[in-house]
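A.B. asks: Take a look at this one; I'll ask things after.
Every number here is computed from the coordinates shown, using simple stated rules; none is lab data. These figures come from a predicted structure and were not determined experimentally. Neighbour counts run over all protein chains shown; Cβ positions are idealised from the backbone, glycine included.
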Amino acid sequence: SIQAIANGAQDFLIKGEYNTSSLEKAVRYSIERKRNLQLIEENNERYDIISKATNDVIWDWDLLTGKVKWRGQGLKHYLPPGTAEENLADDFWVNGIHPDERKKTIAKLRKAIFKTDWGSWDGDNRFLRSDGSYAYINTRGYVMHNRDKKPVRMIGCMQDITDRKTAELEARQSKIAADAARKTQEQFLANMSHEIRTPMNGVIGMTQLLSGTILTEEQKEYVDTIRDSADNLMVIINDILDLTKISAGRINIDEVDYV
């Protein structure tokens, strides 16, 4: 009928003479084509669901023709101004990589592609956004080979990891700042212990000299108290200095005999 032809039935109509065998082939072809169309629709739906769930960009690269197909909800963040998704150039990904990282990234990718048996690739780099800024992305891909073990196709995804990279950078900077503060503290304690040690040695020395003079019993008691206090304070000063050495990894351990 006209309605059947309008729905595409002419694609399955047998031209000219036909018999049971040709009719059977036509029906089989019709069924197979419908099944393939359903599989394509299911795959497209699957891609859409994955991209919505992850906000990743999915790519399919034909290594023989150089053509790349792009899909995914996140793709809109990287489209060049005025460029539709279906009109992306084949070198879109290469041009999007930050110039400082482009050569190294492409070399690593080529190495993965031309492995003998199989090749997977995983790399982090900066990628150009639509607004002109750069995002940190992680790109993963898997290379497919033919029977002759030649690379023919590569499929992968691109994920925005800017938040993770920013957190890592902040943590690294915080660690650097903490290390600097710790070193400053260690240096201060070391300097302080050395500076206090000098006047304390003077106090101990003068106390010893004073104890060698003629003193009353009460004065001797005062001198002994000063000497004991100075000795105790010197122990604390030495402990502070040892603590700074331990923190800096510069403590020395002496081997001595004991009974």
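A.B. asks: Which shape class, rounded, prolate or oblate, goes with the stretch 91-246 when its Cα gyration tensor gives a ≥ b ≥ c as root eigenvalues, a/c under 1.5 marks rounded, and past that a/b bigger than b/c marks prolate?
C.D. replies: prolate
A.B. asks: Work out how much length residue 179 to residue 213 would gain on full extension: take 0.36 nm times their residue separation and subtract the Cα-Cα distance, in nm to one decimal.
C.D. replies: 7.1 nm
A.B. asks: For the stretch 50-140, what class follows from the C-alpha gyration tensor (a ≥ b ≥ c being the square roots of its eigenvalues): rounded when a/c is under 1.5, otherwise prolate if a/b is larger than b/c, else oblate?
C.D. replies: prolate
A.B. asks: Just list whichever of 111/183; 104/175; 108/183; 111/175; 104/183 have alpha carbons separated by over 32 Å in the model shown.
C.D. replies: With Cα atoms farther than 32 Å apart: 111/183; 108/183; 111/175; 104/183.
A.B. asks: Normalise the Debye intensity by I(0) for the stretch 156-200, one equal point scatterer per Cα, no solvent, then take log10 at q = 0.15 Å⁻¹ and round to two decimals.
C.D. replies: Normalising to I(0) and taking log10 leaves -0.58.
A.B. asks: Still on this structure, please answer the following. Would you mind giving the three semi-axes, in whole Å and largest first, of the ellipsoid equivalent to the stretch 92-133 according to its Cα gyration tensor?
C.D. replies: 24, 9, 8
A.B. asks: Considering just Cα atoms, how many Å³ per residue does the convex hull of the stretch 111-155 enclose?
C.D. replies: Per residue, the Cα convex hull of the stretch 111-155 comes to 70 Å³.
A.B. asks: Across every pair of different alpha-carbon atoms, what Kirkwood hydrodynamic radius in Å does the stretch 56-97 reach?
C.D. replies: One decimal place: 10.7 Å for the Kirkwood radius.
A.B. asks: Looking at the stretch 165-259, which chymotrypsin sites (Phe, Trp or Tyr not before Pro) are DSSP coil and have at most 10 other C-beta atoms within 10 Å of their C-beta?
C.D. replies: Passing sites in the stretch 165-259 are 258.
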